[in-house]
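Structure first, then comments.
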Amino acid sequence: MSYLFDPDQLHEIVRSCIGLPHDEMLETLITRIAQAYPGHAETEQDWFFNRLAGATGVITVLHASLSEYVLVYGTPIGTEAFSGHYPLEIWDFMLEGEMWTYTPETHGIKNVTLPGDYAMLTRGQAKGFRLPEGAWMLEYGRGMVPLALPLVLGDVAVSAMNLPTLLKTLRVYGRMAARELLKGKI
């Protein structure tokens, strides 16, 4: 399967935005991604809650297709949870704040990802993570995205029972994935 988005290019774009004031950083990031991937990145910020495996934050989705997604995720007050085991590869590029992670194999060791750095979650891997207050990241996932939807939607549907967030997530993903399919992008 070929992919449109390049993690190295996304990393360069993120690093070029580090240190800007928050709103300017987000506008610059989104503009640069849209310029690098014309016609495949949403430029309008549409923030909504995301509840995943116990972590609560807000997201704005920049791209969604059957094989890739790009979004901005963060929280001004902090959150912590279990990553889950995904059938995807996921890169988290830190924009502001820190992300702390650990695995069962590295118990007792806190891995800290700082602005400009990234953490990668390989297919099937899981981590515990914490985003202290003021943590924001660009997240890029590649693989069969629909296979991740039960994990992505499970907490909001069952634990939080938040129908508006569930419906918005499905609507945003469905609209973007359909738009990409019409362009021939899987």
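The values are calculated or read from the model by the stated rules, or taken from the named source; none is laboratory data. Note that the structure is a prediction, hence the values are computed from the model and not measured. Cβ coordinates were reconstructed from backbone atoms using ideal geometry, including for glycine residues, and neighbour counts include every protein chain displayed. Note: accessible area is taken over every heavy atom of the protein model, side chains too, but ligands, DNA and RNA are not part of it. Shrake-Rupley method; radii C 1.70, N 1.55, O 1.52, S 1.80 Å.
Data table
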{"read-out": "Shape call, region 65-126: gyration tensor on alpha carbons, a/c limit 1.5", "value": "oblate"}
{"read-out": "Kirkwood-based shape ratio for region 1-143, expressed as Rg/Rh from alpha carbons", "value": "0.94"}
{"read-out": "Surface accessible to a 1.4 Å probe, per residue, for the residues of the chain, Å²", "value": "49"}
{"read-out": "Rounded if a/c under 1.5, otherwise prolate or oblate - region 37-77, Cα gyration tensor axes", "value": "oblate"}
{"read-out": "Sequence ranges 92-100, 130-138, ranked by mean other-Cβ count within 10 angstrom, highest first", "value": "92-100, 130-138"}
{"read-out": "Theoretical ellipticity at 222 nm over the chain - DSSP helices of four or more residues, -39500 (n - 2.57) apiece, nearest 500", "value": "-9000 deg cm²/dmol"}
{"read-out": "Relative contact order %, the chain, counting alpha carbon pairs below 8 Å whose residues are six or more apart", "value": "25"}
{"read-out": "Protein accessible area in region 1-145, 1.4 Å probe - carbon and sulfur %", "value": "53"}
{"read-out": "Straight-distance crosslink candidates among lysines, where the alpha carbon sits under 27 Å from Lys185 and sequence neighbours closer than 8 are dropped", "value": "Lys168"}
{"read-out": "Charge tally in the Cβ shell below 14 Å around Pro21, where Lys, Arg are +1 and Asp, Glu are -1, Pro21 excluded", "value": "-4"}
{"read-out": "Net +/- balance of residues flanking Arg179 in space, Cβ distance below 15 Å, scoring K and R +1, D and E -1", "value": "-1"}
